[in-house]
Protein chains: 2
Amino acid sequence: METAGTAVGAPARPGLRERRKQRTRDALVRAALELIATRGYERTTVDDIVAAVDVSQRTFFRYFAGKEEVAFFVTRLAESRVLEAVRARPPHETPLEALRRAVLDSWDGINEAVERLVPLDLHMRVYRVIESTPALLAAHLRRATELEEELARVVAEREGLDVDADPRPRILVAAFGGVVRVAERRWSAGEDHSTEAMRDLMTTCLDQVGPALAGNWRTGPSPNRANET
Amino acid sequence: METAGTAVGAPARPGLRERRKQRTRDALVRAALELIATRGYERTTVDDIVAAVDVSQRTFFRYFAGKEEVAFFVTRLAESRVLEAVRARPPHETPLEALRRAVLDSWDGINEAVERLVPLDLHMRVYRVIESTPALLAAHLRRATELEEELARVVAEREGLDVDADPRPRILVAAFGGVVRVAERRWSAGEDHSTEAMRDLMTTCLDQVGPALAGNWRTGPSPNRANET
DNA sequence: GAAGCTAATGTCAGCGACTGACAGTTGACA
DNA sequence: TGTCAACTGTCAGTCGCTGACATTAGCTTC
């Protein structure tokens, strides 16, 4: 469906109607995240959001299935990136290696992608609200397990296995996901919200999986336990 | 005010008022679970529940913080049992060992404890509704992470560590929790809902953690390797 | 450029979860 | 027995969310 007068070289610009839709959706997202970041999730009503954009409440619910969904609009970016990154890993890598490298790689350029939607700082503030609001945290965890389910499928396909027959894909992904969530929490709770800090935290946490699972912690000192005592 | 009435022991029998409270709460739980198991969660209104017990809606919300809470009333039993079991493990065990043994042990006698509240079969049906209802699944996962947080604290204390300084307790618990959830899902999705089936599934899944995390899956055969290492 | 189609939006009414305020009832206890 | 506190019910109202129907406004076609 080529519309009139769009050169092949330039990105096919959608019609006015489509652009308007995009604009109101972005406006809703921005207004919602700004309100949520400042007033909190529960103290932000849908009426507040639609009043800021001057559309009807009904319109909001046509764009988003619920109040929760708008809060995760930016987060979804990162999720899809991770999934893509895992698919792109070369097949000779170990499943765990593939997951680890994919997650670390997917952080490169994520900031720019986010910034195209909302200010990065805003997204950070919203993320902390998500982690501290019971209803949003619950939704976040559910979304995470859905992502894990897809990851398990990808891993199983990589290895030529049946997800439902062999439990290892789901187990690997579940364990991996748990560790990632620990890293995310430490990151958002800490001071340094840079991408590098995230990478460091993630690698440290993933490196600790072996030591954490195996053996007696008290026998030998762990790789880096500078902060003990 | 406090529901801390000692349900055991003969001497301190609670007064009539306390007994009435207990009775209405149990009635609400039973009615709610029965309705949820048969009609599903979303298709069960609070009005339906209170109509079955013949109390006002306001009373329901004085007993339960929300509609969700009543659905997890029985599940909470298992959670507290697991926590107790971990605390009871001898300190010479490896953290992973302690968790594993605690979870497996806590299933002994769980059926009897559940049956004191509602028929076991009813609880099973509700559990499957929880896993298949987005809103309930989200709440379930959030509760699970709260339990993991407490478990991490217990593990850290066992090993004489600071939960916030050393990441290993949370990492271990997160990975462990992920695997447990895989086992739970397989169990509730399968046919055999017996305690033994759960034990078998749990042990197999936990035995697969090592193989899943380490090495190349394609070199070694056997999706089911006897517990080595 | 006017007419027709259709997607996007607004309005209205209503359901269900949940809460605060107030009043009535009923165990507990002196 | 009477007083007090706890338990419950009623009522009104907020908020998230949805279906039905009317209205507006791009886009297409002639």
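Within the range B:161-181, the set of residues being within 16 Å of A:Arg186 (Cα to Cα), touching a residue at least 12 places away in the same chain (Cβ under 8 Å) and either acidic (Asp, Glu) or more than 7 Å from chain A (Cβ to nearest Cβ) (or both) comprises B:Pro169, B:Val173. Here A:Thr203 meets the list (1) at pLDDT 90 or above; (2) polar (S, T, N, Q); (3) on the phi > 0 side of the Ramachandran plot almost entirely, failing just condition (3). Does A:Ile49 satisfy the criteria of being touching a Phe, Trp or Tyr at 6+ places or on another chain (Cβ under 9 Å), surrounded by 13 or more Cβ atoms within 10 Å (Cβ to Cβ) and at pLDDT 95 or above? The answer is yes for A:Ile49.
In this structure, is B:Glu148 within 13 Å of another protein chain (Cβ to nearest Cβ) and surrounded by 15 or more Cβ atoms within 10 Å (Cβ to Cβ)? Please lay out each step first, then the result.
Values: within 13 Å of another protein chain (Cβ to nearest Cβ): yes; surrounded by 15 or more Cβ atoms within 10 Å (Cβ to Cβ): yes.
It is true that B:Glu148 is within 13 Å of another protein chain (Cβ to nearest Cβ) and surrounded by 15 or more Cβ atoms within 10 Å (Cβ to Cβ).
Say we look at the range B:105-116 and pick out the residues that are part of a helix (DSSP H, G or I) and surrounded by 15 or more Cβ atoms within 10 Å (Cβ to Cβ); which of these is farthest from the other protein chains (Cβ to nearest Cβ)? That would be B:Val114. Within the range B:34-68, the set of residues being more than 8 Å from DNA strand D (Cβ to nearest atom) and farther than 22 Å from A:Ala135 by Cα comprises B:Glu34, B:Leu35, B:Ala37, B:Thr38, B:Arg39, B:Asp47, B:Asp48, B:Ile49, B:Ala51, B:Ala52, B:Val53.
Within the range B:23-91, considering only helices (runs of 4 or more DSSP H) that don't extend past its boundaries, which have at least 2 residues that are farther than 30 Å from B:Ala156 by Cα and within 9 Å of DNA strand C (Cβ to nearest atom)? Let's see the steps before the verdict.
Numbers: elements: B:46-53, B:57-63, B:67-71, B:75-88.
Ranges flagged: B:46-53, B:57-63, B:67-71.
Would you call B:Asp26 surrounded by 13 or more Cβ atoms within 10 Å (Cβ to Cβ), of a type in the set (D, E, K, R) and within 12 Å of DNA strand D (Cβ to nearest atom)? Full working, then the answer.
On the way: surrounded by 13 or more Cβ atoms within 10 Å (Cβ to Cβ): yes; of a type in the set (D, E, K, R): yes; within 12 Å of DNA strand D (Cβ to nearest atom): yes.
Yes: the conditions hold for B:Asp26.
Anything in the range B:117-143 that is crowded, with 21+ Cβ neighbours inside 10 Å, touching a residue at least 60 places away in the same chain (Cβ under 8 Å) and within 11 Å of chain A (Cβ to nearest Cβ)? List them, or say none. Scanning the range B:117-143 gives B:Leu136, B:Ala139, B:His140.
The values are calculated or read from the model by the stated rules, or taken from the named source; none is laboratory data. The structure displayed is predicted, hence computed values, not measured ones. FYI the Cβ positions are ideal-geometry reconstructions off the backbone, even for glycines, and counts take in every protein chain you see.
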